[in-house]
1. For Val86, which of the numbered conditions (1) within 21 Å of Arg190 (Cβ to Cβ); (2) aliphatic (A, V, I, L, M); (3) modelled with pLDDT of 90 or more; (4) not assigned by TED's automatic domain parsing to the domain that holds Thr129 fails to hold?
2. Against the conditions (1) modelled with pLDDT under 90; (2) touching a His at 6+ places or on another chain (Cβ under 6 Å), where does Ser66 fall short? Just the number, please.
3. Of the residues Arg121, Arg106, which single one is basic (Lys, Arg) and surrounded by 13 or more Cβ atoms within 10 Å (Cβ to Cβ)?
4. Quick check on region 123-138. Is at least one of its residues part of a strand (DSSP E or B) and either out of contact with any Cys (no Cβ under 7 Å at 6 or more places or on another chain) or closer than 29 Å to Phe56 by Cα (or both)?
5. Would you point out which residue out of Ala119, Ala95 is over 20 Å from the mean Cα position of the chain (by Cα), in the same structural domain as Asp149 (by TED's automatic domain parsing) and not in a strand (DSSP E or B)?
6. Among (1) buried (at least 21 other Cβ atoms within 10 Å of the Cβ); (2) of a type in the set (D, E, K, R); (3) more than 30 Å from His53 (Cα to Cα), which single condition is Asp194 missing?
7. Taking region 145-174 on its own, how many of its residues are surrounded by fewer than 14 Cβ atoms within 10 Å (Cβ to Cβ), of a type in the set (A, V, I, L, M, F, W, C) and either farther than 26 Å from Ala54 by Cβ or outside the structural domain of Glu127 (by TED's automatic domain parsing) (or both)?
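The values are calculated or read from the model by the stated rules, or taken from the named source; none is laboratory data. Computed from a predicted structure; not experimentally measured. Cβ coordinates were reconstructed from backbone atoms using ideal geometry, including for glycine residues, and neighbour counts include every protein chain displayed.
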Amino acid sequence: MDVVALQEKISRIDGVEAARVVAGNGHIDEVHVLARQNKAPKQLVRDVQSLGHALFGISIDRRVVSVVQLSDAALGSGDRPALVDVAETLEGSQAEITVTLRWKERLLVGQSTGAAASATRWRLVAEATLEAVRQSIHSDIGLGVSSVDIPSLGSRRIAISQIVMVTDASERMLIGSAYVEDEESRAVVRSALDALNRLLPDLKTP
């Protein structure tokens with residue numbers, strides 16, 4: 001059993017800020033989860049169980065999963081941007097997506113415009129997310145949306161964003177995911193941020 005990989009995947013569940021897995025003799029003894037308050041603790045436990053079964057083929061007893069939740073106010077001042085709002089404006093055949101993030105007490109607003117078609121909506125949401133992030137990272141770092149999709153994983157739908165990051169030295173593909181809990185657009189934003197979250201503290205301008 002790859003405990004490190006399981007721990008890393010749990011930490012990428014929507015709403016989870018950090019996770020720690022304790023295992024011995026091939027069994028999961030403890031799973032500790034630090035999360036936001038955007039979903040019920042029981043749902044977080046079910047997400048952990050579903051992830052373990054779908055990706056690792058293991059059964060995790062709900063009784064060994066402990067969840068501690070903190071408010072967005074307590075977590076939002078950290079090194080990860082927090083989603084505030086996603087808005088869509090339609091004008092004829094064009095759609096404008098506006099994504100608002102909060103990062104280090106600063107509001108970042110990104111916008112993208114394109115055809116008002118269901119086939120392009122998720123990409124527009126991801127592009128608006130990156131436009132918001134660009135306002136607080138070094139200008140010599142390029143970010144682009146490679147692909148966005150919302151497939152089904154078992155009985156759940158999950159948003160997956162593939163983001164490309166370009167610097168003078170390299171081109172790097174990044175993958176992020178988030179369960180669809182309410183609106184698809186919010187899950188897309190969280191998946192794009194998930195792809196970047198572990199790098200953003202080093203990319204942020206002073």
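1. Here Val86 clears every test but (4).
2. Status for Ser66: all satisfied but (1).
3. Arg121
4. yes
5. Ala119
6. For Asp194, the exception is condition (3).
7. 2
The rows are residues; the columns are (1) touching a residue at least 40 places away in the same chain (Cβ under 8 Å); (2) of a type in the set (Ser, Thr, Tyr).
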residue	(1), (2)
Ser118	no, yes
Arg123	no, no
Gly154	yes, no
Gln162	no, no
Val166	no, no
Ser177	yes, yes
